[in-house]
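See structure below.
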Amino acid sequence: MSAPSAPVAPAGIKRWWNSWVSPWRLKRMGILGMNCRNHDFIAAYNPRSLFPLVDNKLKTKLLAEEYEVATPKLFFVVNAQHEIAHIEEKLMALEAFAVKPAKGSGGKGILVIIGRRGDKFIKSSGAEISIEDIKRHMTNALAGLYSLGGKPDVVIVEDLIQFDDYFKDYSYEGVPDIRIIIFKGYPVMAMLRLATHKSDGKANLHQGAVGVGLDIATGRALKAVQHSKPVTHHPDTKRALNEIQIADWRNWLLLASKCYEMTGLGYIGTDLVLDKVRGAQLLELNARPGLAIQVANGRGLLPRLRHIESLKERMHRTAEQRVDYVMKTFTADGL
C-alpha cells in the first residue's frame with residue numbers, strides 16, 4: 001500500500017500565505033514600523049509644541065517666506081465668513097489660483113482653478129464652476145469640513161503651480177510631487193508621487209497614485225508601486241517609469257534639507273513640486289510622514305535613520321554639507 005500523499009492547500013490559500021511577509025524578514029530588510037516611527041523618531045525628535053508649524057499650511061508658508069525657502073506665492077487669506085461676501089473682486093483679478101484649507105490633510109478641500117471663461121471659473125478637470133460654488137467651498141472650509149479634527153479653519157488662496165513639461169506624460173490630471181523624508185536635517189529617502197485617473201488627479205498613494213522610489217544619490221527611479229503592488233508603466237499614460245531621472249537633483253535635496261532649520265523638527269516629510277518658471281517649490285510639510293515610501297523604494301528606512309543617529313552632533317553644520325554626505329552614502333547599492 002502506498003503512503004498517503006500530503007494535503008495540498010487550495011490555490012487561494014497559497015496566494016494569501018505568499019502575500020504575507022514574516023516579521024523576521026521585515027526586520028532583516030530594515031523596515032520601519034509604525035510603533036517604532038512614533039516612539040523612536042516622531043516622539044523623540046519632534047517637540048509637540050512645534051507641530052502647528054507644519055499642521056497649519058499658512059504658518060508653514062509664512063515661515064518659508066521668512067527663511068527664503070521657495071514656495072508658491074500667497075495671494076490672500078480668508079479668515080471669517082463675512083469676508084466671503086466681498087471675495088469676487090479679488091478672485092476676478094486672478095487668472096489661476098489654488099484654494100486650500102490651512103489645516104487640511106490628504107489633499108482634502110483643495111480647489112484648483114486653471115483659468116476663466118466669461119464669469120465662470122475652470123477647474124483642472126475642465127469643469128466650469130461659478131463664483132457661488134467657490135464661495136460655498138470657502139464656507140465649508142471655514143467651518144472645518146476639511147480640517148484635522150473638524151475644527152474651524154482659515155482659507156489660503158495662493159499662486160498655481162505651472163506644471164513642468166518634463167512630467168507631462170508621467171502624471172494624469174494632477175501635479176506630481178516629490179516626498180523627501182528629512183531626519184536631523186539629512187535627506188534619507190525620496191519618492192515621486194504621480195497622479196492617476198484612479199486617484200482623481202491627486203498625488204496621494206492611498207487614493208491610487210503611483211509612488212516611484214528615487215535614488216538619493218542621483219534622483220534616478222528605482223522602482224514603482226500602485227496600491228503597494230509593483231508597476232512598470234503609468235496606468236493611464238503608459239509611459240515607462242524606469243526612465244525617470246530628476247534634473248538638478250541636488251537642489252531638490254537642498255530645499256528639503258533647509259526645512260530642518262526652518263521648523264526645528266527632527267523627523268519630517270517635505271512635499272516639493274516643480275514649477276516650469278520658478279523651479280522646485282515647497283508645497284507643504286508633514287510631521288507624521290507615512291511609511292509607504294519604503295515600499296516604493298523597495299528598502300527599509302531604519303538602517304539610514306540609525307546611521308544618522310550614530311553621527312557626531314553638528315558633524316555637518318550646513319544643508320550643503322548634509323546633502324553632499326547623503327549623496328555619497330545613501331546610494332542605490334549602499335546603505
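The values are calculated or read from the model by the stated rules, or taken from the named source; none is laboratory data. Only a predicted model underlies this, so the values are computations on that prediction, with no experimental measurement involved. Note that we place each Cβ from the backbone using ideal geometry, even for glycine, and neighbour counts take in every protein chain shown. When the accessible area is computed, the model is the full protein with side chains, heavy atoms only, and any ligands, DNA or RNA have been set aside. Shrake-Rupley method; radii C 1.70, N 1.55, O 1.52, S 1.80 Å.
Some points to look at:
- The set of residues in the range 78-106 that are in contact with a strand residue (DSSP E or B) (Cβ under 6 Å, 6 or more places away or on another chain) and among the hydrophobic types (A, V, I, L, M, F, W, C) comprises V78, A96, F97, A98, V99, A102.
- Selection within the range 309-325 - buried (at least 20 other Cβ atoms within 10 Å of the Cβ) and either closer than 17 Å to G33 by Cα or among the aliphatic types (A, V, I, L, M) (or both): A319, V323
- In the set (1) crowded, with 19+ Cβ neighbours inside 10 Å; (2) of a type in the set (G, A, S); (3) part of a helix (DSSP H, G or I), the condition left unmet by A98 is number (3).
- Candidate set: the range 55-72, residues that are over 19 Å from the mean Cα position of the chain (by Cα) and either of a type in the set (D, E, K, R) or buried (at least 16 other Cβ atoms within 10 Å of the Cβ) (or both); chosen: the one farthest from Q162 (Cα to Cα): E66
- Residue satisfying condition, being touching a helix residue (DSSP H, G or I) at 6+ places or on another chain (Cβ under 9 Å), in a loop (DSSP other than H, G, I, E, B), open to solvent by 20 Å² or more (accessible area, probe 1.4 Å) and among the aliphatic types (A, V, I, L, M), within set L265, L291: L291
- Within the range 185-214, restricting attention to residues that are surrounded by fewer than 20 Cβ atoms within 10 Å (Cβ to Cβ) and among the charged types (D, E, K, R), the residue that is modelled with the highest pLDDT is K198.
- Residue list for the range 153-182, restricted to those being in a strand (DSSP E or B) and of a type in the set (V, I, T): V155, I156, V157, I178, I180, I181, I182
- Residue in the range 234-252 that is under 24 Å from F51 (Cα atoms) and either in contact (Cβ under 8 Å) with a residue 40 or more places away in the chain or of a type in the set (S, T, Y) (or both) present: yes
- Members of the range 268-288 that are within 16 Å of the chain's Cα centre (by Cα), hydrophobic (A, V, I, L, M, F, W, C) and not in a strand (DSSP E or B): A287
- Test: residue in the range 149-167 that is touching a Phe, Trp or Tyr at 6+ places or on another chain (Cβ under 7 Å) and more than 30 Å from A221 (Cβ to Cβ): yes
- Here G107 meets each of (1) under 25 Å from R278 (Cα atoms); (2) crowded, with 20+ Cβ neighbours inside 10 Å with one exception, condition (2).
- Residues being in a loop (DSSP other than H, G, I, E, B) and either open to solvent by 30 Å² or more (accessible area, probe 1.4 Å) or of a type in the set (G, A, S) (or both) - total across the range 294-308: 3
- Restricting attention to the range 113-158 and to residues that are in contact with a Ser or Thr (Cβ under 8 Å, 6 or more places away or on another chain) and surrounded by fewer than 20 Cβ atoms within 10 Å (Cβ to Cβ), the residue that is modelled with the highest pLDDT turns out to be K120.
- In the range 23-35, residue modelled with the highest pLDDT [restricted to those that are more than 16 Å from G269 (Cβ to Cβ) and either exposed (fewer than 12 other Cβ atoms within 10 Å of the Cβ) or in contact with a Phe, Trp or Tyr (Cβ under 7 Å, 6 or more places away or on another chain) (or both)]: N35
- Residues satisfying the stated conditions in the range 36-54, i.e. under 10 Å from A287 (Cα atoms), within 19 Å of the chain's Cα centre (by Cα) and open to solvent by 40 Å² or more (accessible area, probe 1.4 Å): P52, L53
- Considering the range 3-22, and only residues there that are hydroxyl-bearing (S, T, Y) and open to solvent by less than 100 Å² (accessible area, probe 1.4 Å), the residue that is modelled with the highest pLDDT turns out to be S22.
- Matching residues in the range 233-254 - criterion: being over 13 Å from L194 (Cα atoms), open to solvent by 90 Å² or more (accessible area, probe 1.4 Å) and in a loop (DSSP other than H, G, I, E, B): D248
- Residues of the range 218-232 that turn out to be surrounded by fewer than 18 Cβ atoms within 10 Å (Cβ to Cβ) and small (G, A, S), as a count: 1
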